[in-house]
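The values are calculated or read from the model by the stated rules, or taken from the named source; none is laboratory data. Only a predicted model underlies this, so the values are computations on that prediction, with no experimental measurement involved. Cβ coordinates were reconstructed from backbone atoms using ideal geometry, including for glycine residues, and neighbour counts include every protein chain displayed. Side chains are part of the model used for accessible areas, which takes the heavy atoms of the whole protein and leaves out ligands, DNA and RNA. Shrake-Rupley method; radii C 1.70, N 1.55, O 1.52, S 1.80 Å.
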Amino acid sequence: MNRRGTHTPMRPVWWGALGSEALKLWSLLSNRILLLVAVVTIAGSGGMLAIGMIARLTDERFAGQEITATPMMFIDSVLWAQVVVAIVAVLAVTNEYTTGQVRLSLLALPTRIPWLGAKAVVLGTAGFLVGATGSSIALGISAVVLTGTEVRYEIEFGEAALLVLRSGLYLAVIAVFVVGVTAVIRHIVAALVAVLAILIVVPPVLASIPAIGDAADFLPTTAGRRLISDFDTVAQLSPWTGFGILALWAVAALVLSGVLLRTRDA
């Protein structure tokens, strides 16, 4: 006697969940505007910095000084763009609970985890595209503006491509981390306060406390920004080690949110 299984193939489930989350993200005009703002923030800041360096050449205050620039300087505004990406991620999760749409989203899937996983993948992809696009434009502008001038500036294609990749990866993992944290909290105001505190407020405050200041080096943004910024820290983490710590924070937040998603009511 043959019995037909009731098991639902996971690949169609995940593809359906990814398509649904991508549609939710892109269908809202506010999300498209915010993501564009993040790209413009990175590209515009890099371009303005390059133009500002040209202006120094005729500024008497810099007379006789050698003006130098490094490619990493022009993508530093990725750290500001992360605020916009974080806000988009928070709204993407909390809007489902505010409107009650989460119940429909979960009813459409045989299990709850694909909903959370798909949201993390889609928002992580959006973060990557913002970082990669914005930094590509910023580095392109810097090369056009500064090449052939008296500003000492050298950039190679390989170095630029690596910085573009790093910028995209940083914002992608930040977005995934924020999805996990927000899925734990669920409330829009509380999630925004918690996320912005973790990303912006807590690192400098913790670093200013002598007894435990070294721990700030292992917070998500301080560790992760080693990938895109050159600054001194006590721990002196390598770029990819710092990124690995950021990734661990993101995985931990997602795992916790996944466990709570399965045990709590929608």
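Qualifying chymotrypsin sites (Phe, Trp or Tyr not before Pro) in segment 55-94, where qualification requires a DSSP coil assignment and no more than 14 other C-beta atoms within 10 Å, are lacking entirely. Summary of the geometry: segment 181-235 and segment 94-159, compared by the centres of their Cα atoms, lie 20 Å apart. Both numbers refer to the Cα atoms of segment 218-266; Rg and Dmax are 14.2, 45 Å. Counting only heavy atoms of the protein chains and using a 1.4 Å probe, M72 has close to 50 Å² of accessible surface.
Computed from point charges on the beta carbon alone (+1 for Lys and Arg, -1 for Asp and Glu), the dipole magnitude for segment 168-266 about its Cα centre is near 380 Debye. Net charge in the neighbourhood of W249 (other residues with Cβ under 15 Å of its Cβ; Lys, Arg +1, Asp, Glu -1) is +1. Here the contact order of the chain, divided by its residue count and restricted to Cα pairs under 8 Å and six or more residues apart, works out to 23 percent. Here is the list for segment 203-266: chymotrypsin sites (Phe, Trp or Tyr not before Pro) lying in DSSP coil, each with at most 11 other C-beta atoms within 10 angstrom of its C-beta, are F231. Looking at the square roots a ≥ b ≥ c of the eigenvalues of the Cα gyration tensor of segment 102-221, which shape do they give, rounded for a/c under 1.5, prolate if a/b is larger than b/c, or oblate? Note, shape of segment 102-221 comes out oblate.
The percentage of C-alpha pairs in segment 136-185 whose separation is greater than 18 Å is 49%.
Of all accessible surface on the chain at a 1.4 Å probe, what whole percent is carbon and sulfur?
Answer for the chain: carbon and sulfur cover 67 percent of the accessible area.
Dipole check for the chain: with +1 at the C-beta of Lys and Arg, -1 at the C-beta of Asp and Glu, and the Cα centre as origin, the magnitude is about 1660 Debye.
Using equal-weight Cα scatterers in the Debye expression, the normalised intensity of the chain in log10 at q = 0.11 Å⁻¹ is -0.67. Membrane-span-like helices in the chain (whole DSSP H runs, Cα extent of at least 18 Å along the helix axis, mean Kyte-Doolittle hydropathy of at least 0.5): 29-56, 78-99, 113-146, 157-185, 239-263. In the chain, a dipole from Cβ-located charges (positive for Lys and Arg, negative for Asp and Glu) runs towards its positive end, and of I51, I113, A132 it is I113 whose Cα lies farthest in that direction. Note on the chain: GNM, Cα springs under 10 Å; of S142, S167, S238, the largest mean-square fluctuation is that of S238. Taken per residue, the accessible surface of the chain reaches 52 Å², heavy atoms only and a 1.4 Å probe. Evaluated at q = 0.21, 0.22, 0.26 Å⁻¹, the base-10 log of the normalised Debye intensity for segment 154-231, with identical point scatterers placed on the Cα atoms, takes the values -0.98, -1.02, -1.17. Can you list the residues of segment 151-176 with backbone N under 19 Å from a point 7 Å past the Cα of W14, pointing along Cα to Cβ? From segment 151-176, the list is 173, 176. When exposed loop sites are taken as trypsin sites (Lys or Arg not before Pro) in a DSSP loop with at most 13 other Cβ atoms within 10 Å, the longest stretch of the chain clear of them is 5-263.
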